[in-house]
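Accompanying notes for the structure given below.
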2 protein chains.
Amino acid sequence: MPNSETTWSLDRRLAGDTVVIGELALSQALVMNDANYPWLILVPRVVGAVEIFDLDDQDQTDLMNETALLAGVLKDVTRCDKINVAAIGNVVAQLHVHIVARRQGDPAWPKPVWGAAPATPYAQAALDRFIASIRAEVAFG
Amino acid sequence: MPNSETTWSLDRRLAGDTVVIGELALSQALVMNDANYPWLILVPRVVGAVEIFDLDDQDQTDLMNETALLAGVLKDVTRCDKINVAAIGNVVAQLHVHIVARRQGDPAWPKPVWGAAPATPYAQAALDRFIASIRAEVAFG
């Protein structure tokens, strides 16, 4: 019978803060529901992975490819000043990679976004537009 | 004649905050001179690279390999609770990857380290010991 140790599932706290936008070869791609910054998250569908060195070499390569892909798309779509990429996981241990579009003058600039400002949920139409703009550029499975 | 556009050199602000510990295939490895957290930085020796998607595919793979290598060594050496990995670059644009050993109860836990506490320079003996512990586990060029 499947359980948390044999079947991958998205951490509940990540699920509560995000919307799924699609599946890549290794990872599930999410949008953080925070209109302060265009913010994607990649979560490798690997049971028990916490640190990047928990992934085997091929999965590490896939994670880098998927991170670079989404980072480039996010930069193109938002025309932001800088992309921030991070795997932190001090609160939610499940390995996940933040990919955040940063702009001079955004609520945290130039500091990192984590803990800087309370999340501001998107209006539905704005969220739909943002997700559509990403989906237009990425071949999700 | 070499100049800043054709020859790689370490950003001056990074150089001022760190000590070089060695060279890997792609990156220069640094120790942040902040005794609050065991903290390494990888800087790919690629002129003009700012975002990870500025690297070609092979360099992206090398950067992932080197990041995972140092992250694993840092975890082993420090027996920390979590490794934080990030490429932020809002202040220093030169592409660099932070690899930070985090422990419950450290000065920023569970928040990220950037901007959390003023850097506390190492005593020389402690810095030497930390660098030696990393060099003992990594084949630097």
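Dimensions of the stretch B:62-141 based on its C-alpha atoms, expressed as ranges along the principal axes with the largest first, amount to 31, 30, 24 Å. The slack in the chain from A:Val92 to A:Ala139, taken as 0.36 nm per residue of separation less the alpha-carbon distance, amounts to 14.2 nm. Taking A:Ala126, A:Ala29, A:Ala49 as the candidate residues, the one with maximal mean-square fluctuation in a Gaussian network model of chain A, Cα springs under 10 Å, is A:Ala126. Across the alpha-carbon atoms of chain A, the computed radius of gyration and Dmax are 14.7, 50 angstrom.
Measuring nothing but label to label, 7 Å from Cα along Cα→Cβ, what are B:Val50's distances to the other copies in nm, shortest first? Spelled out, the distances from B:Val50's label point are 3.7 nm. Residue-wise HN-Hα couplings along the stretch A:106-114, as the Karplus relation 6.51 cos²θ - 1.76 cosθ + 1.60 with θ = phi - 60° gives them from phi, are 5, x, 10, 3, x, 6, x, 7, 5 Hz; Gly and Pro carry x.
When DSSP beta bridges are restricted to pairs lying wholly in the protein assembly as shown, around 100% turn out antiparallel.
Along chain A, counting only GluC sites (Glu not before Pro) with a DSSP assignment other than H, G, I, E or B and at most 14 other Cβ atoms inside a 10 Å radius, the longest segment between sites is A:6-136. Ascending distances from the B:Gly22 label point to its copies in the other chains, with the point 7 Å along the Cα-to-beta-carbon line: 4.1 nm.
Within straight-line reach of A:Lys82, meaning a Cα separation under 25 Å, sit the following lysines at least 8 residues removed in sequence or on another chain: A:Lys111, B:Lys111. Taken along the Cα-to-beta-carbon direction at a fixed 7 Å, the label points for A:Ala119 and B:Asp54 span 3.1 nm. Ranked from largest, the principal axis spans of the Cα set of the stretch B:76-115 equal 30, 21, 9 Å. Potential lengthening of the chain between A:Thr7 and A:Ala132 amounts to 42.1 nm, from the contour at 0.36 nm per residue minus the alpha-carbon distance. For the protein assembly as shown, the Cα gyration tensor yields ellipsoid semi-axes of 30, 22, 19 Å (square root of five times each eigenvalue, largest first, whole Å).
Label-point spacing for A:Phe140 across the identical copies (point 7 Å from Cα in the Cβ direction), in nm and ascending order: 4.3.
Any read-out appearing in this document is the output of simple, stated calculations on the displayed coordinates, not a laboratory observation. The structure presented is a predicted model; accordingly, all values stated were derived computationally and were not measured. Neighbour counts are summed over all protein chains in view; Cβ atoms, including those assigned to glycine, are modelled from backbone coordinates with ideal geometry.
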